[in-house]
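Below you'll find the structure, written out as structure tokens, and then a few comments.
Any read-out appearing in this document is the output of simple, stated calculations on the displayed coordinates, not a laboratory observation. Not measured: the values here are computed from a predicted model. Cβ coordinates were reconstructed from backbone atoms using ideal geometry, including for glycine residues, and neighbour counts include every protein chain displayed.
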């Protein structure tokens, strides 16, 4: 699972992912997110699994996204959410405030069910990753976390300028966020002129 | 476009759909939705295009969903949103309060872009449909509306027990909503015992 999450973290170009473990497995608590959906850390510096992000703002979803040349056998959905306060800031400014947190859910896909014959719908929660911007906590501003089902807290994936960080830094349209895959935010970023210069979208 | 929307209305099993026309084309106004995301109607009884639904609660998304035996050439994404007040009610009760409004966006898909090689991401807004539960306004409780890009209001699709209505009535897991395609709501409906008896999910 960790390998899948790490692969997707790199591969998906959303750059952070997260599993919806299902209600009841991880009880919602006020401590799981701070004011306006800000990240909360344990005394040892691990990120506490965010709760309630399904009421945050949905950015977009992908299906089977990968930068690998080899096609994957099991295509999955990925849903990206951002906290409402950060979303509002982006709408106004076209970039992200400090303490922004993104959540990326991964869901398995199903094709045959009910009246659906073709195409795919989301079925089972597989994993979740989180991307956090925290300038005071992380010297490189952005950090990446993976949560398996039921996992309550997570250490950052190789702190510093790891592969996730570098990929986001080089290829993400706005700061470390892959706005090129979120159509509504892309319009805003174009209006605000906040897309990285010279980037091929 | 209308044909696509109508087809998807039937085909998608989400049963309602809607286009995100893009900021600026349809200005957000307080009159576009009532309290807690409730529907607003024109004096002639048309549904006013809901605004701000991208800050509602995301239920799930599908890719290329269809109940047609023939595979579609152009596979599209569908994102489903419901107003926050109705979502909270569902979490508590497992069914939908009067004045519930669902919005289904349709987006075209793209595959080759940025670092993505395989899989698909959302690209251009194609259409949107809306499903409304309004017991005092509609004798059959539920009604269906389609909006083309830029369209400000919409009459219900053949008022009464039309094909959309019948499909939802027969096959949707909870009332007229295809909860079988929304994993998080499906868990709740199972807990609350609100799934239609005898239904094959």
In nm to one decimal, list the spacings between the residue A:148 label point and its equivalents in the other copies, with label points set 7 Å along Cα to Cβ, shortest first.
5.3
Say a label goes 7 Å from Cα toward Cβ at residue A:198 in every copy; what distances in nm does this one have to the rest, shortest first?
6.8
Run through the other copies and list how far each one's label point is from that of residue B:159, in nm with one decimal, shortest first; the point sits 7 Å from Cα along Cα-Cβ.
6.5
Considering the zone a paramagnetic label at residue B:201 would reach in this model (a point 7 Å from Cα along the Cα-to-Cβ line), which residues of the stretch A:117-145 have amide N under 14 Å from it?
A:122-125
What length, rounded to one decimal in nm, is gained on full extension from residue B:44 through to residue B:191, with 0.36 nm per residue of separation minus their alpha-carbon distance?
48.8 nm
Once R0 is set to 35 Å, what does the formula 1/(1 + (r/R0)^6) return for the Cβ-Cβ distance between residue B:138 and residue A:124, expressed as a FRET efficiency to the nearest 0.05?
0.50
Compute for the stretch A:99-149: radius of gyration divided by Kirkwood radius, i.e. Rg/Rh, restricted to C-alpha atoms, rounded to two decimals.
1.25
Roughly how crowded by other chains is peptide A:183-191, in terms of the mean Cβ count from those chains within 10 Å of each of its Cβ atoms?
3
Normalise the Debye intensity by I(0) for the stretch B:115-174, one equal point scatterer per Cα, no solvent, then take log10 at q = 0.15, 0.20, 0.24 Å⁻¹ and round to two decimals.
-0.59, -0.82, -1.01
